[in-house]
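Data first, discussion second: the structure below is written as structure tokens.
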Amino acid sequence: MYKVTAPEETSEDRFFREFGGACAELRQAFARHVGMSAHRVQVLVRLRRGGETSHSDLRQALGVDGASVTRLVKELEAEGLAGRRLDPADNRYTLAALTPAGERLAADLERSHQEYQERLLDGVSTQEREAVLRVLRRVRANVTGQEKS
């Protein structure tokens, strides 16, 4: 009987495994920290930063289907955090905007997120952050170059 040995993990494998794992964890960590879904956090902050926004734009930004966006915005509306109306320029589209209560919650989320990020980066120097940013920019440029080839 032959014993099959798995190929050893390369440094590239380790890099992308760690990077992918960190990204996956970070996407959900703050939402868990504040006790709401990541999509809910994203909608509240996006509406605060961008003002009134179409459901279509929210769907694209979140990468979810239209029914999910509609359900989420309706939940926010029922809680008094958002309002909806037909787009006066094109009544095929629905627009969503935060209410004053939604604005306050989104502002609190942004402050909390800033503090959370600061805690996550505790012990990581400015130079280390800049080095990581340079690497990520290079990888993104390489992705773009690969896609054009």
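Identify the single condition in (1) surrounded by 14 or more Cβ atoms within 10 Å (Cβ to Cβ); (2) modelled with pLDDT of 95 or more; (3) under 30 Å from GLN117 (Cβ atoms) that SER56 does not satisfy, given that it satisfies every other one. For SER56, the failing item is (2). Helices (runs of 4 or more DSSP H) fully within the range 49-149 that include at least 1 residues being of a type in the set (Asp, Glu) and within 30 Å of GLU18 (Cβ to Cβ): 100-120, 126-148. Do we have LEU26 as modelled with pLDDT of 95 or more and outside any loop (DSSP other than H, G, I, E, B) here? Here the answer is no, as LEU26 does not meet what is asked.
Just checking, does the range 82-90 include any residue being free of Cβ contacts under 8 Å to residues at least 40 places away in the same chain and under 30 Å from VAL135 (Cα atoms)? Checked the range 82-90: no residue is free of Cβ contacts under 8 Å to residues at least 40 places away in the same chain and under 30 Å from VAL135 (Cα atoms).
Residue pairs whose Cβ atoms lie under 7 Å apart, sitting 6 or more positions apart in sequence or on different chains, and linking a residue in the range 93-106 that is farther than 13 Å from GLN42 by Cβ to a partner that is basic (Lys, Arg) and not in a helix (DSSP H, G or I), are THR94/ARG84; LEU95/ARG84; LEU95/ARG85. Only residues that are under 19 Å from ASP90 (Cβ atoms) and in contact (Cβ under 8 Å) with a residue 12 or more places away in the chain were counted across the range 27-60, and they come to 7. The sole residue among ARG71, ARG49, ARG40 that is of a type outside the set (S, T, N, Q) and surrounded by 15 or more Cβ atoms within 10 Å (Cβ to Cβ) is ARG40.
One line per residue, one yes/no per condition, for (1) closer than 18 Å to GLY35 by Cβ; (2) exposed (fewer than 11 other Cβ atoms within 10 Å of the Cβ):
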site	(1), (2)
ALA67	no, yes
GLU75	yes, no
LEU95	no, no
PRO100	no, yes
ARG104	yes, no
THR126	no, yes
VAL135	no, no
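The condition of being within 12 Å of the chain's Cα centre (by Cα) and not polar (S, T, N, Q) holds for only one of VAL69, VAL34, VAL73, VAL41, that being VAL41.
The values are calculated or read from the model by the stated rules, or taken from the named source; none is laboratory data. Since the structure is predicted, the reported quantities are computational estimates derived from the model, not experimental observations. In this analysis, Cβ positions are derived from the backbone assuming ideal geometry, glycine residues included, and neighbour counts consider all displayed protein chains.
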